[in-house]
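Enquirer: Before I ask anything, here is the structure I am working with.
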Amino acid sequence: MLDWNPNDPDTVKVHYDVSTWTIDQRAELTEALAEAEIAHVWEGDEVVVPEELEAAVDELFERLDELLGPFPVALDEEDRGVEYELDEWPPADRQALTQALVEGEIPHRWEGRKVVVATDAEPAVDELLDAIEQGTLVLTGSGADGPAEGTLSTLFTSADRLARNPDDGSGSGDLRALVPQLDPARPPYGVSVNTWAKIVESASTLVDLVDEPELPSSDVIGTAQELRSLVRQYV
C-alpha cells in the first residue's frame, strides 16, 4: 500500500463523493479498497485518495457500479432544484420514483417524503410522476430482483381455481405458499410497480379470506375474480 500522509498540505488528493450510497454499498467500497491495497481516508461522505492512485480508483468504481449500481447522482449544492411533496404517495410509489431517478441518472436528494431534483430535469420528472400515478411506469431494472419465474402464472391459476370453487385446496395452498415471498416494490419484468402492488395486495387479501371459513363464499369468489383480472394480461 502506498505510504502517504493525507494531512500533508503538499499532497494532491482526489475526493469521491458517495453521500448517496447506502451503508451496505459503502461497506462494499471499503472492503474493495482494502483488498486492492489502495491508500485512502474517509472525510465525512467522501473517500479521499492520493492523486497517483486516481486511475486505479476510477477503475474500481466502474466495477462496483456494474456490481452494485447504478448509484444515485447527487444534486449539485449550487442548484436550488425543484421540490415535489409526496406525503400522500405510498412507499412503493416513492421507491419506484427513486429507482427511476437513479436509472435516469437524474440528480436528486430526498428530504423525508419530499424529493428535490435538478432544475433542468423538471420536465422529465413530471413525466415520471405522471407514469407512476397512472400505473404505466415500467423500470428497466424490474425483474432483476423480482419474483421467481412462473409467479404470474401461479397467481392466475390459483385465482382462477378459487373464482370457480372457493374451497379449492390446490388454489389456496399455492397462494399461501407464494404470497409471503412477494415484495410489492419488486415487480416481475414488464409489470409496473403500481400494478404489481395492486396484484400483491389482492393476492394477500385473498389468502386472508380463504383462511376465514365463516366468511361467505362470495367474498372469496369476488376477490379471486379481481386478482385474475389483474394478472390475466401478463400470462
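The values are calculated or read from the model by the stated rules, or taken from the named source; none is laboratory data. The structure presented is a predicted model; accordingly, all values stated were derived computationally and were not measured. FYI the Cβ positions are ideal-geometry reconstructions off the backbone, even for glycines, and counts take in every protein chain you see.
Enquirer: Residue pairs, Cβ under 7 Å, 6 or more apart or interchain, first in the range 72-84 and assigned by TED's automatic domain parsing to the domain that holds I106, second among the basic types (K, R) and assigned to a loop (DSSP other than H, G, I, E, B). List them.
Expert: No pair meets every condition.
Enquirer: Only one of these conditions is not met by L129: (1) surrounded by 19 or more Cβ atoms within 10 Å (Cβ to Cβ); (2) touching a residue at least 40 places away in the same chain (Cβ under 8 Å). Which number is it?
Expert: Status for L129: all satisfied but (1).
Enquirer: For the range 34-43, does any single residue satisfy the condition of being in contact (Cβ under 8 Å) with a residue 60 or more places away in the chain and either acidic (D, E) or in contact with a strand residue (DSSP E or B) (Cβ under 6 Å, 6 or more places away or on another chain) (or both)?
Expert: The answer is no, given that none of the residues of the range 34-43 is in contact (Cβ under 8 Å) with a residue 60 or more places away in the chain and either acidic (D, E) or in contact with a strand residue (DSSP E or B) (Cβ under 6 Å, 6 or more places away or on another chain) (or both).
Enquirer: Are any of the residues in the range 69-80 of a type in the set (V, I, T), surrounded by 16 or more Cβ atoms within 10 Å (Cβ to Cβ) and touching a strand residue (DSSP E or B) at 6+ places or on another chain (Cβ under 6 Å)?
Expert: No, the conditions are met nowhere in the range 69-80.
Enquirer: Going by the conditions given, is Q181 within 29 Å of P216 (Cβ to Cβ), out of contact with any Cys (no Cβ under 7 Å at 6 or more places or on another chain) and surrounded by fewer than 20 Cβ atoms within 10 Å (Cβ to Cβ)?
Expert: Considered against the rule, which asks whether it is within 29 Å of P216 (Cβ to Cβ), out of contact with any Cys (no Cβ under 7 Å at 6 or more places or on another chain) and surrounded by fewer than 20 Cβ atoms within 10 Å (Cβ to Cβ), Q181 comes out as yes.
Enquirer: Assuming D120 fulfils every condition listed in (1) at pLDDT 90 or above; (2) among the acidic types (D, E); (3) outside the structural domain of G104 (by TED's automatic domain parsing) apart from one, which condition is it?
Expert: Only one criterion in (1) at pLDDT 90 or above; (2) among the acidic types (D, E); (3) outside the structural domain of G104 (by TED's automatic domain parsing) is unmet by D120, namely (3).
Enquirer: Ok, one more. Answer yes or no: is there a residue in the range 104-111 that is part of a strand (DSSP E or B), at pLDDT 85 or above and within 25 Å of W196 (Cβ to Cβ). Explain how you work it out, then say what you get.
Expert: Step one: list which residues in the range 104-111 are part of a strand (DSSP E or B), which gives 108-111.
Then keep just the ones that are at pLDDT 85 or above; that gives 108-111.
Next cut, within 25 Å of W196 (Cβ to Cβ) only: 108, 110.
Scanning the range 104-111, I find at least one residue that is part of a strand (DSSP E or B), at pLDDT 85 or above and within 25 Å of W196 (Cβ to Cβ), so the answer is yes.
Enquirer: For the range 7-25, what are the residues that are closer than 13 Å to E52 by Cβ and in a loop (DSSP other than H, G, I, E, B)? Outline the logic, then answer.
Expert: Of the range 7-25, the ones closer than 13 Å to E52 by Cβ are 11-14.
Hits for the range 7-25 are T11, V12.
Enquirer: Here are the criteria: (1) loosely packed, with under 13 Cβ neighbours inside 10 Å; (2) of a type in the set (D, E); (3) farther than 19 Å from Q25 by Cβ. Tell me which single one D93 does not satisfy.
Expert: Going through the list (1) loosely packed, with under 13 Cβ neighbours inside 10 Å; (2) of a type in the set (D, E); (3) farther than 19 Å from Q25 by Cβ, D93 breaks only (1).
Enquirer: Hey, another quick one. Report, ordered by the first and then the second residue, all pairs with beta carbons closer than 6 Å, sequence separation of six or more or different chains, a first member in the range 208-227 that is assigned to a helix (DSSP H, G or I), and a second member that is acidic (D, E).
Expert: If the second residue must be acidic (D, E), the pairs left are L209/D219.
Enquirer: Mind listing whichever residues of the range 198-213 are acidic (D, E) and either modelled with pLDDT under 90 or in contact with a strand residue (DSSP E or B) (Cβ under 6 Å, 6 or more places away or on another chain) (or both)?
Expert: If the condition is that a residue be acidic (D, E) and either modelled with pLDDT under 90 or in contact with a strand residue (DSSP E or B) (Cβ under 6 Å, 6 or more places away or on another chain) (or both), then D211, E212 are the ones that fit.
Enquirer: Next question, about the same structure. Identify the single condition in (1) acidic (D, E); (2) part of a helix (DSSP H, G or I); (3) without any contact (Cβ under 8 Å) to a residue 40 or more places away in the chain that E28 does not satisfy, given that it satisfies every other one.
Expert: (3)
Enquirer: Taking the range 85-113, which residues are touching a Leu at 6+ places or on another chain (Cβ under 7 Å) and in contact (Cβ under 8 Å) with a residue 24 or more places away in the chain?
Expert: The answer is A96, L97, Q99, A100, E103, P107, H108, R109, R113.
Enquirer: Spot the failing condition for N165; the list is (1) surrounded by fewer than 17 Cβ atoms within 10 Å (Cβ to Cβ); (2) closer than 21 Å to Q99 by Cα, and only one is missed.
Expert: Of everything listed in (1) surrounded by fewer than 17 Cβ atoms within 10 Å (Cβ to Cβ); (2) closer than 21 Å to Q99 by Cα, N165 misses just condition (2).
Enquirer: So in the range 210-229, with the set limited to residues that are surrounded by fewer than 21 Cβ atoms within 10 Å (Cβ to Cβ) and of a type in the set (A, V, I, L, M), which one is farthest from G173 (Cα to Cα)?
Expert: Among those that are surrounded by fewer than 21 Cβ atoms within 10 Å (Cβ to Cβ) and of a type in the set (A, V, I, L, M), it is L215.
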